[in-house]
Every structure is written in structure tokens, then in C-alpha cells.
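Written below as C-alpha cells is the structure these notes are about.
Just so it is clear, none of the values below were taken in a lab; they were calculated from the coordinates. Remember, it's a predicted structure, so these values are computed and weren't measured experimentally. Note: ideal-geometry Cβ built from the backbone for every residue, glycine included; neighbour counts use all protein chains shown.
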Amino acid sequence: MQSSLFRGAAFTRPLFSATIPFMKQLYLETFGCQMNVADSDRMELLLFQDGYRRTPHRESADVVLINTCAIREKAEQKVFSLFGQLKPIKLKNPDVVLGLTGCLAQQEQDSLLKKMPFLDFILGPDAIESVPDAVEKARQARRPLIDIDFDREKKYSIPALDGPRTTGPVAFVNIIKGCDKFCSFCVVPNTRGREKSRADSEIYEEVRQLVSAGAREIILLGQNVNSYGKVGLDTPLTFHELLRGVADIPGVERLRFTSSHPMDMTRDVIDAYRDLPNLMNHMHLPVQSGSDAVLYRMRRHHTVENYIDLIDELKQEVPGIAMTTDLIVGFPGETESDFEETLTLMRRIGFHNSYMFAYSPRPFTPATEYEDSVEHEVKQERLQRVIRLQEELAKAAGLDFLEREVEVLVESASDREGIDYRGRNPEYWNVMIASPDESLEPGDIVKVKINHASGHALRGTWVETINPALHSMIA
Ligand code: SAM
Ligand code: SF4
Ligand code: F3S
């Protein structure tokens, strides 16, 4: 199953209004988490300024960019399986610029160049601002360029670019990069470097821009958003203060964040949930395991009891809040009884959704020093067991919405039989909407009466539009 942060598929939405005549074609494929999707968006914006337009056709593109992920072996294999298809493109058209970016590019630059000597450049996640430069240099000097440096002194900034920006009703905004947690299984601190927060003024400005371009839901993004403010700011600010600042911006109808760490979850964030009506009724809080022994070896720095206490406190302040999580099964040394503790924790919390993974040993991570003692078949069997339990829990959670009227932000139209639109409710459930009103628009906030719940989605009928999208009001 993919992580909450994963979107996997290549990004297709154009990011700028098409006011500049298009000259050159950019093919951009994205693997991995939402942070990679955000980086791809940024690279598209940067190259758009140089006259590149996104194309779905790899073979005829002038620039081919593959934004890679290294989180698990499977993610890596997906990228490696593409390589065979890239070589013929270069052979057919030596002028095409081929670039690899992202976490696998950061981690494996030497071996990637050995496997693909025809590559023009490799940029790590910290170097994506220089993508137009890398493309230009590749056009001039046909020598592979590698930039995988982390500049420790440099502030984390994503400057605004010229030109009107387009957005869907939901927009992601980066607030922090890197990670300082060093969980023993995870490549992210190596591939994305040390944690740095982005100045609040820049965040607020981007949110204002997105809202005036039509965004109604803002999702604050980072590997560990609730660590915001610890490193990299000139003026101190904490995560809950930032939440309140963004929630106050006119037009932010809905606010969410992902992903967060239990160690950085404070009482102040719980208070923000209680106080801010536009902070949605959902928290994604990865726990990874329900066994203290495993959590210790994972270097998560908290116990199962800490996690339960935190969520009990949150549920007391915000009744009905939907909890989702990430879980790893088959971590080195996980016994059957450790694993059963994970099942017990899942039942105790009643997660609405979990993103579940079999442990995958990653290069240069401390966990590779533990013997990978859980056999492949056992890992797979445990994975199936958590998936089955999660389906039961989701089914039960879904039933709670039956016959209720829920608020849904319409995200898109649908041509599936009997479904006219889809969107999400505050608890982040996918809601399929049947509507006699065919004039709904992405961005409308509507009331929907739920008449069917499966473990995966809710279905219901439109009752009324309670807060129309700005553009439909203008129209
Ligand atoms: N920073 C977030 C956090 O701490 O929850 C997300 C990190 S990662 C992008 C998303 C998820 O991938 C993790 O929460 C973990 O469940 C999973 N993951 C990371 N490394 C893994 C590994 N080596 N094997 C299996 N799953 C892994
Ligand atoms: Fe990886 Fe842990 Fe950081 Fe999440 S908190 S990115 S799992 S090191
Ligand atoms: Fe994301 Fe994959 Fe990197 S999950 S942070 S793109 S390793």
C-alpha cells in the first residue's frame, strides 16, 4: 500500500496559465511521496519560465526528467525498470536532455551513472532550484553534471515566481524540509538532509497566492511538520503558531498537515484542533509498530503508552477525530507477540486508514546492522493480516457516517456509473457524490447525505451547496 504522502502517478495538471507561447517539450515522471510531487511541481514551474511545456510523450520530449524515490526496494525497482526505456530515447535523439532528480538520485549517483552513462545530469532534492541551469549546461557541454550537495548555511526558501499560478481546490505548501529524526530504518535523513524550516512570511505569501488562484484547502507539507521552527528560522515560531497563522488567512476554508511525528506532538497542537474550525477533523500520526521493543529498535523515541495517551487526549478535545497512521511489519527481531501488539494497538485506536509496509532494508541505515531476521514469507503474511484488520476497522469507521449529512469539498467530476463528483469530508474520506445539480464545480463545499459506506469510500447524495467556489460565484 502506498503512504499517505505517496501519489505515485505522474503529475499532469498545468501549473501556470498558458499565456506564454510554448516552444519546448518537458516530460516529467514522479515517483515517491507528496514531497517529490511538490518538487516536480516546482521544477515544472521553473522550466515553464524558460518556455517548456509539459508533454505526456516521453519519446518526443526535449527534456526528460525522472524524479526518483528510495524509500523501499520496490520504489527503487520501479525507477530501475524505466532505465531500459531511456537509452533508446537518447540513441534516437542525442539532443534530448535526460536528468534524474530526487532521493534515489541523491543516494545512488555513482552507480546510476555507471548504469546510465548517457545521463546528462543528476540533481539531489536540495538542488532542484538549479534545474533550468542544469538543462542549459547539458545543452552546451555534453558532460554529466552532478549536484547532490546540501548547503548547511543556506536558508530554506522557495521564492515566488513571476506569472499567474493555477491550482486545484486542494494545494500543498512546503513548510519544512529534511528530517533530523534518524529512525533506524529510514533513508530520508540521508537523501533529504538536515531539517530546515521555511520562513512563515514566505509560507503565508504562498498560501495567499494559492487562495486567490482558487485553492480552498491547504495541506502543510514536510517529512515532520510538527518539528517546524526548531531549525532555520530567524524569528522563532512554533508549529501550532504557524497553524493559527495559516488558519487566519481569509479564504483558507480547510487546513490539514502531513506528516507528523508523535514525539513532536504537543498540547498546543491539540488546542489548535479544538480552537480552529478550519483545521480538519483528521490527524495522520505514524506509529510504525505497537511493540515497545520494536519502537526502541526503530529509534522512534516514544512508547506505545505515550502514543495512546496522546490520542486519548486528542479524542477528548476533538471527539470524532479520524486517526490514520503508517505501519511497518517484519522489522528485524519482530516476534509474533510483538506483531500481535501492533494488531492490538490498531484495534485500540480504531484507525480509519493505515499505510502498511513490509520492512525493506535500506542502504546506509542503522537497521541494516540488525539481522533481518523476519523471513520474507512471514513479513508478507503479517502484511496481509494488518491489511485485513485495517479493512475491518475502516468498515466499522465508515458505518458511523451512514445516514449523516457531511460536508464535502468537491475536487473533481466523475464519469463513473451513478457518481457525478468526488471529494473529501473533514475526516479525509473519499466521498462519491450523486447529484441532480449538474452545475457543481471543483472547489464547491457541499452537504452530502451518506447512504453507503465501504471500507474505502463513502457514497451519498448532494443535499445543498453551502459554500460555492469563488469562480462559480463570479460566474
Ligand atoms: N516522515 C514521515 C514519518 O515519519 O511518518 C514519513 C516517512 S516515509 C516517507 C513514509 C513511511 O514509509 C514511513 O512512515 C514508514 O512507515 C515507511 N518506511 C520508511 N522506511 C521504510 C523501510 N525501510 N521499510 C518499510 N517501510 C518504510
Ligand atoms: Fe524517516 Fe523517521 Fe524522519 Fe519519518 S521521522 S522521515 S520515518 S527518519
Ligand atoms: Fe519521499 Fe521517497 Fe524521498 S518517500 S522523501 S521521495 S525517499
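Structure notes:
- Debye, to nearest 20: dipole size of segment 24-147, +1 on Lys, Arg Cβ, -1 on Asp, Glu Cβ: 520 debye
- Point-to-point label distance, Arg139-Arg194, nm (Cα→Cβ direction, 7 Å offset): 3.7 nm
- Check: segment 170-398 dipole with +1 on Lys, Arg Cβ and -1 on Asp, Glu Cβ, in debye: 500 debye
- If the chain linking Asn451 and Met263 were pulled fully straight, counting 0.36 nm for each residue of separation and taking away their Cα-Cα distance, it would gain 63.8 nm.
- For the peptides 402-410, 191-199, the ranking by packing is 191-199, 402-410, with the highest mean count of neighbouring Cβ atoms within 10 Å listed first.
- Dipole of segment 383-475 computed with +1 at Lys/Arg Cβ and -1 at Asp/Glu Cβ about the Cα centre; of Ser412, Leu440, Trp429, farthest Cα towards the positive end is Trp429.
- Shape call, segment 24-147: gyration tensor on alpha carbons, a/c limit 1.5: rounded
- Cα lying deepest toward the dipole's positive end in segment 198-346, options Ala322, Asn306, Ile203, charges on Cβ: Ile203
- Dipole axis of the chain (+1 Lys, Arg; -1 Asp, Glu on Cβ), positive-most option in Leu112, Ala213, Gly178: Leu112
- With Cα atoms defining each centre, segment 150-170 and segment 178-236 are spaced 11 Å apart in the structure.
- Percent breakdown of C-alpha pair distances by 5 Å bin, ordered from the shortest bin, for segment 170-398: 1, 7, 14, 17, 18, 16, 13, 8, 5, 2, 0
- Extension reserve of the Lys74-Tyr296 stretch, reckoned as 0.36 nm per residue once the Cα distance is removed: 77.4 nm
- Neighbourhood charge, 11 Å Cβ-Cβ cut-off, centred on Leu393 and excluding it, Lys, Arg +1 and Asp, Glu -1: +2
- Shown for the chain: cysteine residues without a partner Cβ closer than 4.7 Å, namely Cys33, Cys69, Cys103, Cys179.
- Each Lys and Arg contributes +1 and each Asp and Glu -1, all at the Cβ; summed about the Cα centre of the chain, the dipole is approximately 1240 debye.
- Pairwise FRET efficiency - Gln49 versus Leu237, Cβ, R0 = 30 Å, nearest 0.05: 0.50
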